[in-house]
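Everything on this sheet refers to the single structure shown next.
The values are calculated or read from the model by the stated rules, or taken from the named source; none is laboratory data. Predicted model, so just to flag it, every value in this text is computed and none were measured. Cβ sites come from the backbone with ideal geometry, for glycine too, and all protein chains shown count toward neighbours. Accessible surface areas use protein heavy atoms only, side chains included; no ligands, DNA or RNA. Shrake-Rupley method; radii C 1.70, N 1.55, O 1.52, S 1.80 Å.
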Amino acid sequence: MELRPYQTKVVNAIGDQNVIVKMPTGSGKTFVAAEFVLRGLNKLRKREESSQEATLCERAALFLVPTCDLVTQQKIALKKWVGDYNVAEYHGRKAIPTAKFDVLVSTPQAFLTLQRTETKTKWFSWSNFFACVFDEVHHVLKDHPYRIIAHGIKAWTFNKVQVVGLSASLTYAVEHKAVEQALANLCHDLSVKKMISPTEEELKRSGYIPQDDSIETMKKPWDIPEGVIPENERFPHMMHEQFMNRDRNKTTTPFASKVLLVVRNIESEIGEYDDKINRDNEPFKSPLGQIKLATWEDYAYRKKCRSRSGSVMQALYGFLEIWYVALRMVVQSWEEEEQLVLQWLIINEGFHSEGWYGPQLECSLNCVGRLCKSSSTQSEKLESLATNLVEKRKIKGTSFRGIVFVQQRISAYVLSRYLNDHLLCIDHGLHAGYVAARNSRITPSIKVRPGEATKCIDDFRDGSINIIIATSVIEEGFDVPEANVVISYDYLKDTVELSQRFGRARQKMSSLTLMSERKDRPLTALKDVKLRQESIIKEFDPQNDKKFIQARHQSQIDRERAAFFVLEDTTRCERRSLEMLNMYAAKTKATTTIESMELGPDKIFRCKTMYSSLHRTVDGIGKGTTKKQAQHQSAWIILRKLHEIDVANDMMKDKYNF
């Protein structure tokens with residue numbers, strides 16, 4: 001295999017600096033990274049042969065990927081490229097590598113765990129690595145493990161670890177100022193000196209066909225129910241509170257009110273039977289007050305499992321689980337989604353009557369059930385999805401491979417069932433499967449088995465199925481070159497989804513369709529953001545980036561000043577040091593990592609913990625007869641140091657009148 005001209009140009013431009021490479025999905029970012037790694041390994045091998053320095057051959061490259069499913073895929077791709085060099089793989093469900101490796105492909109959290117626990121070998125220390133590649137580098141933000149690793153590399157001073165970041169889109173931000181700030185933050189976290197992106201002309205000359213211009217939007221907009229929460233008033237962290245307030249104020253949509261009424265009527269039936277039978281040591285208590293929506297169905301599932309097999313209570317709890325899921329779908333969609341909720345209920349016999357339900361429950365069930373027979377623009381959306389896929393099947397013939405992207409796992413499950421039961425789809429040979437993250441679940445009763453996602457993708461490649469309904473799990477990195485039809489069922493939130501979703505279609509003359517758009521983030525606006533990223537990359541100069549760095553440092557100082565009250569509570573800091581350090585780090589948007597945990601010959605554990613922010617890095621080494629004691633003491637030492645530094649720097653001069 002040979003690199004395309006633009007790929008060669010990118011690899012040559014990397015040099016020995018920390019860089020970010022932005023290239024479209026499908027343009028060969030992995031090949032660029034593999035060639036960079038190969039050149040680095042060859043250089044080390046030549047030095048070893050010429051200088052006979054055995055230590056040089058112990059240097060390796062670390063290749064980080066965001067998900068477990070990508071580890072093996074990227075390992076295979078790298079192995080094909082680097083030849084006789086040893087490529088190892090690791091994530092939480094893999095055995096720790098026991099043989100020397102030249103390249104390690106790992107998820108970030110698994111690698112952090114290796115660094116913390118495998119202290120007897122230096123294989124996982126930064127001293128053993130000459131480079132670190134961050135695949136999908138836009139994840140370097142907040143408290144993501146990518147960012148923790150980036151800070152660890154910055155703090156490492158014994159040998160240089162070169163950083164190369166890869167992504168098709170570098171930020172989730174949309175507003176122009178936010179985009180500029182996000183890219184400045186990314187470059188600062190990775191100590192980036194250069195950003196590289198091939199031009200569209202260079203891509204086209206080498207045969208790459210950009211897909212953005214061929215995205216079509218459905219001509220008919222899909223109306224949302226009247227009375228839903230306006231988009232500018234939606235706060236995800238307040239989703240539960242907003243819905244319950246709307247219920248108390250009787251401002252929920254008619255559909256949401258009807259679903260909630262069914263749920264409460266089922267709860268009432270359970271309460272009545274619970275009082276009569278009284279066999280359950282734990283009486284029923286509605287979980288609807290719980291902020292985490294998934295706990296509703298979890299509760300019903302646990303109660304169902306504890307009930308006597310074949311009993312009335314088991315049937316009622318199973319029924320309640322189905323309707324708790326329906327209510328969660330309503331709340332998570334800000335009361336917009338109705339037809340998928342109805343499809344979920346139809347699939348799971350949510351309108352089935354046992355014959356002994358009370359009149360109120362029967363009435364509320366019938367009220368929702370009648371909606372299945374009524375037409376609406378939302379039901380037309382489902383029908384249009386099926387029709388669109390059938391039309392594309394007619395055009396593409398047996399080569400047809402379609403991916404439909406959705407936001408929620410439950411939506412992937414429901415749509416796959418809907419399409420497989422749709423007569424028009426059956427008549428035209430459409431077979432759908434759904435893909436969600438491994439070991440995740442659709443509901444407590446419907447779990448995603450290990451290997452299920454991989455099997456679904458393998459079936460898609462060989463044609464056993466020709467439609468995948470997928471969440472973001474295959475947006476990033478999954479290699480499905482057979483795809484020639486991509487449909488985004490839900491609206492796009494940002495340019496990352498725009499690049500990743502529609503970048504899955506690799507075939508010429510692929511069909512790309514967007515079924516829904518956010519009013520404040522239409523497709524045209526997201527395309528503008530992508531162009532803005534390109535212009536920032538072209539204009540990037542770390543020497544002219546001082547104003548962003550200064551602003552970031554000042555913001556960090558302000559956050560640490562505001563969080564000083566945490567350090568001030570010395571009694572709690574000493575007694576609950578880990579909890580207080582984590583609280584302080586959360587408030588200051590910093591990271592805390594356990595650098596090492598070692599058991600000495602004196603049977604004493606020594607723990608080194610690091611606090612790292614944009615403003616400062618502070619470490620603490622604690623000792624104890626147990627790991628927990630050592631960890632607590634190291635946290636307490638860091639808290640003391642931070643307090644002393646802040647007071648010494650006169651950060652609280654007004655309070656202390658210095």
For ALA13: the one exception among (1) modelled with pLDDT of 85 or more; (2) hydrophobic (A, V, I, L, M, F, W, C); (3) part of a helix (DSSP H, G or I); (4) more than 23 Å from SER206 (Cβ to Cβ)
(4)
Look at segment 108-135 and say how many of its residues are more than 18 Å from ASN159 (Cα to Cα) and either touching a Leu at 6+ places or on another chain (Cβ under 7 Å) or in a helix (DSSP H, G or I) (or both).
11
(1) within 27 Å of LEU183 (Cα to Cα); (2) part of a loop (DSSP other than H, G, I, E, B); (3) in contact with a helix residue (DSSP H, G or I) (Cβ under 9 Å, 6 or more places away or on another chain) all hold for ARG93 apart from (1)
Which residues, taken from segment 328-374, are open to solvent by 50 Å² or more (accessible area, probe 1.4 Å), part of a helix (DSSP H, G or I) and of a type in the set (S, T, N, Q)?
GLN332, GLN360, ASN366
When every residue in segment 1-38 that is among the aliphatic types (A, V, I, L, M) and more than 19 Å from VAL163 (Cβ to Cβ) is compared, the one most open to solvent (accessible area, probe 1.4 Å) is MET1
Within segment 439-462, take every residue that is surrounded by 15 or more Cβ atoms within 10 Å (Cβ to Cβ) and of a type in the set (Val, Ile, Thr) and give me the one that is farthest from THR398 (Cα to Cα).
THR443
Can you list residue pairs whose Cβ atoms sit under 8 Å apart, with the first residue in segment 271-291 being under 15 Å from TYR317 (Cα atoms) and among the aromatic types (Phe, Trp, Tyr) and the second being open to solvent by less than 100 Å² (accessible area, probe 1.4 Å) and at pLDDT 75 or above? Count only pairs 6 or more apart in sequence or on different chains.
TYR273/VAL312; TYR273/MET313; TYR273/LEU316; PHE284/GLU267; PHE284/ILE270; PHE284/GLY271; PHE284/LYS303
Can you name the residue in segment 80-95 that is open to solvent by 60 Å² or more (accessible area, probe 1.4 Å) and of a type in the set (D, E, K, R) and, of all such residues, is farthest from the chain's Cα centre (by Cα)?
ASP84
Take segment 612-643 and flag every residue that is in contact with a Leu (Cβ under 7 Å, 6 or more places away or on another chain) and within 13 Å of ALA155 (Cβ to Cβ).
VAL618
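Of the residues in segment 611-641, how many are outside any helix (DSSP H, G or I) and among the basic types (Lys, Arg)?
Quick first cut of segment 611-641, residues outside any helix (DSSP H, G or I) only: 611-626.
Narrowing further to those that are among the basic types (Lys, Arg): 616, 623.
Qualifying residue count, segment 611-641: 2.
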Pairs, please: C-beta under 9 Å, at least 6 apart or cross-chain, first residue modelled with pLDDT of 80 or more and in segment 210-235, second assigned to a loop (DSSP other than H, G, I, E, B) and open to solvent by 50 Å² or more (accessible area, probe 1.4 Å)?
THR217/GLU517; GLY227/THR251; GLU231/LYS519; GLU231/ASP520; ASN232/ASP520
Looking at ALA182, ALA168, ALA178, ALA173, which is the one that is closer than 21 Å to HIS615 by Cα and touching a residue at least 24 places away in the same chain (Cβ under 8 Å)?
ALA182
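I'd like to check something: does segment 46-55 contain any residue that is in contact with a Cys (Cβ under 6 Å, 6 or more places away or on another chain) and in a helix (DSSP H, G or I)? Spell out how you get there, then give the answer.
If we filter segment 46-55 for residues that are in contact with a Cys (Cβ under 6 Å, 6 or more places away or on another chain), which is where we start, we get 48.
When the remaining residues are screened for being in a helix (DSSP H, G or I), the result is 48.
Scanning segment 46-55 turns up at least one residue that is in contact with a Cys (Cβ under 6 Å, 6 or more places away or on another chain) and in a helix (DSSP H, G or I).
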Residue list for segment 40-56, filter: at pLDDT 80 or above and open to solvent by 40 Å² or more (accessible area, probe 1.4 Å)
ASN42, LYS43, ARG45, LYS46, ARG47
Just to be sure, is LEU415 of a type outside the set (Gly, Ala, Ser) and open to solvent by less than 60 Å² (accessible area, probe 1.4 Å)?
yes
Which of the residues belonging to segment 464-487 are within 11 Å of GLY402 (Cα to Cα) and small (Gly, Ala, Ser)?
ALA470, ALA483
Would you check if there is a residue in segment 492-504 being open to solvent by 20 Å² or more (accessible area, probe 1.4 Å) and either among the aliphatic types (A, V, I, L, M) or modelled with pLDDT of 80 or more (or both)?
yes
Please give the number of the condition MET195 fails out of (1) of a type in the set (A, V, I, L, M); (2) more than 30 Å from VAL137 (Cβ to Cβ); (3) in contact with a Cys (Cβ under 8 Å, 6 or more places away or on another chain).
(2)
Any idea how many residues of segment 601-651 are among the polar types (S, T, N, Q), within 16 Å of MET580 (Cα to Cα) and open to solvent by 30 Å² or more (accessible area, probe 1.4 Å)?
3
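Taking into account only those residues within segment 175-199 that are assigned to a helix (DSSP H, G or I) and open to solvent by 20 Å² or more (accessible area, probe 1.4 Å), which is nearest to LYS160 (Cα to Cα)? Please lay out each step first, then the result.
So in segment 175-199, the residues assigned to a helix (DSSP H, G or I) come out as 176-190.
With open to solvent by 20 Å² or more (accessible area, probe 1.4 Å) added as a condition, the list becomes 176-178, 180-182, 185, 188.
On the way: HIS176: 34, LYS177: 32, ALA178: 31, GLU180: 28, GLN181: 27, ALA182: 25, ASN185: 21, HIS188: 16 Å.
So, considering only residues that are assigned to a helix (DSSP H, G or I) and open to solvent by 20 Å² or more (accessible area, probe 1.4 Å), the one nearest to LYS160 (Cα to Cα) is HIS188.
For segment 418-433, give me the residue count where each residue is open to solvent by 40 Å² or more (accessible area, probe 1.4 Å) and not in a helix (DSSP H, G or I).
Keep residues of segment 418-433 that are open to solvent by 40 Å² or more (accessible area, probe 1.4 Å), which gives 420-421, 423-424, 426-428, 431.
Filter once more, keeping what is not in a helix (DSSP H, G or I): 428, 431.
Selection size over segment 418-433: 2.
Per-residue answers, yes or no, for (1) of a type in the set (Gly, Ala, Ser); (2) more than 30 Å from MET610 (Cα to Cα):
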{"residue": "GLY28", "(1), (2)": "yes, yes"}
{"residue": "ARG39", "(1), (2)": "no, yes"}
{"residue": "GLU48", "(1), (2)": "no, yes"}
{"residue": "ALA60", "(1), (2)": "yes, no"}
{"residue": "LYS80", "(1), (2)": "no, yes"}
{"residue": "PHE111", "(1), (2)": "no, no"}
Checking GLU202 against (1) within 28 Å of the chain's Cα centre (by Cα); (2) in a helix (DSSP H, G or I); (3) surrounded by fewer than 19 Cβ atoms within 10 Å (Cβ to Cβ), which single condition isn't satisfied?
(1)
The one condition ARG59 fails out of (1) under 24 Å from SER169 (Cβ atoms); (2) modelled with pLDDT under 90 is (1)
From the set of residues in segment 601-618 that are at pLDDT 85 or above and in contact with a Lys or Arg (Cβ under 6 Å, 6 or more places away or on another chain), which is nearest to HIS643 (Cα to Cα)?
VAL618
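Give the residues of segment 96-127 that are exposed (fewer than 14 other Cβ atoms within 10 Å of the Cβ) and of a type in the set (Val, Ile, Thr), sorted by residue number. Don't jump to the end; show me each part of the working.
Going through segment 96-127, the residues exposed (fewer than 14 other Cβ atoms within 10 Å of the Cβ) turn out to be 98-100, 117, 120-122.
Selection gives THR98, THR117, THR121.
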Please work out if ILE224 is hydrophobic (A, V, I, L, M, F, W, C), closer than 30 Å to LYS589 by Cα and surrounded by 12 or more Cβ atoms within 10 Å (Cβ to Cβ).
no
Hey, ILE266 buried (at least 21 other Cβ atoms within 10 Å of the Cβ) and touching a helix residue (DSSP H, G or I) at 6+ places or on another chain (Cβ under 6 Å) or not
yes
